[in-house]
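Below: one structure, written as structure tokens.
The values are calculated or read from the model by the stated rules, or taken from the named source; none is laboratory data. Predicted, not measured: the structure shown is a model, and the values here were computed from it. Note that we place each Cβ from the backbone using ideal geometry, even for glycine, and neighbour counts take in every protein chain shown.
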Amino acid sequence: MNYTKHQIIQLPKILDERGNLSFIESNNHIPFEIKRTYLVYDVPGGDVRGGHAYHTMNEFIVALSGSFDVIVDDGTNSKTYSLNRSYYGLLIPKLTWRSLENFSTNALCMVISSGYYDESNYIRDFETFKRISLEAK
Ligand code: TYD
């Protein structure tokens, strides 16, 4: 798996008449060790979350319910992913600018991260991100 490129990852889906089941294992379905999981929810219509990149942290984002868009930029190109199912998610490698928007009512966003929360890992200025991303290429 190419860790440097954002991509959709399909999760295992165990179909069952009693209800379906999906799961995520560290270093298996996603290519990093899980250190932290956080949830974004009750986002008012029209609001935007995110709008930053990380120096070294990788993330995997799943829409556990409802839907939202994730706009990613690798420093060269921008792409919009619409997430609306529990059985796939978006892998976002470090040094990728990402923002989350167009949240539906009752949208529940789960973010799995390769690192503990650390403000110094954030890049919050887009021009700084572009420069750092260019230097890393
Ligand atoms: P942040 O990641 O900045 O969200 P957004 O980019 O959508 O604004 O997080 C908002 C605040 O929440 C931040 O000031 C610190 C806190 N926070 C934690 O304490 N732990 C975490 O794991 C996360 C993701 C955020």
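From the list Arg98, Arg85, Arg131, which residue is closer than 27 Å to Asn28 by Cα, among the basic types (Lys, Arg) and over 11 Å from the mean Cα position of the chain (by Cα)?
Only one candidate passes the filter, namely Arg85.
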(message) Looking at Tyr54 and the list (1) within 16 Å of the ligand (Cβ to nearest atom); (2) farther than 14 Å from Lys94 by Cα; (3) of a type in the set (Ser, Thr, Tyr), which single condition is not satisfied?
(response) (2)
(request) Identify, from the list Leu134, Leu91, Leu95, the residue that is at pLDDT 95 or above and not in a loop (DSSP other than H, G, I, E, B). (result) Leu91
(message) Looking at segment 69-81, can you tell me whether even one residue there is at pLDDT 95 or above, out of contact with any His (no Cβ under 9 Å at 6 or more places or on another chain) and among the basic types (Lys, Arg)?
(response) no
(request) Determine the pairs where a residue that is of a type in the set (Phe, Trp, Tyr), located within segment 10-26, has a partner that is at pLDDT below 95 and surrounded by 10 or more Cβ atoms within 10 Å (Cβ to Cβ) with Cβ atoms under 6 Å apart, the partner being 6 or more residues away or on another chain. (result) none
(request) Would you check which residues across segment 3-42 are modelled with pLDDT under 95 and either surrounded by 14 or more Cβ atoms within 10 Å (Cβ to Cβ) or over 20 Å from Leu83 (Cβ atoms) (or both) and list them? (result) Thr4
(message) Tell me whether segment 25-38 contains one or more residues that are within 14 Å of the ligand (Cβ to nearest atom) and part of a loop (DSSP other than H, G, I, E, B).
(response) yes
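For the condition within 15 Å of His6 (Cβ to Cβ) and either away from the ligand (no atom under 11 Å from the Cβ) or surrounded by fewer than 16 Cβ atoms within 10 Å (Cβ to Cβ) (or both), what is the one hit in Gly46, Gly89? Steps first, answer last, please.
Values: Gly46 fails: within 15 Å of His6 (Cβ to Cβ).
Testing whether each residue is within 15 Å of His6 (Cβ to Cβ) and either away from the ligand (no atom under 11 Å from the Cβ) or surrounded by fewer than 16 Cβ atoms within 10 Å (Cβ to Cβ) (or both) leaves just Gly89.
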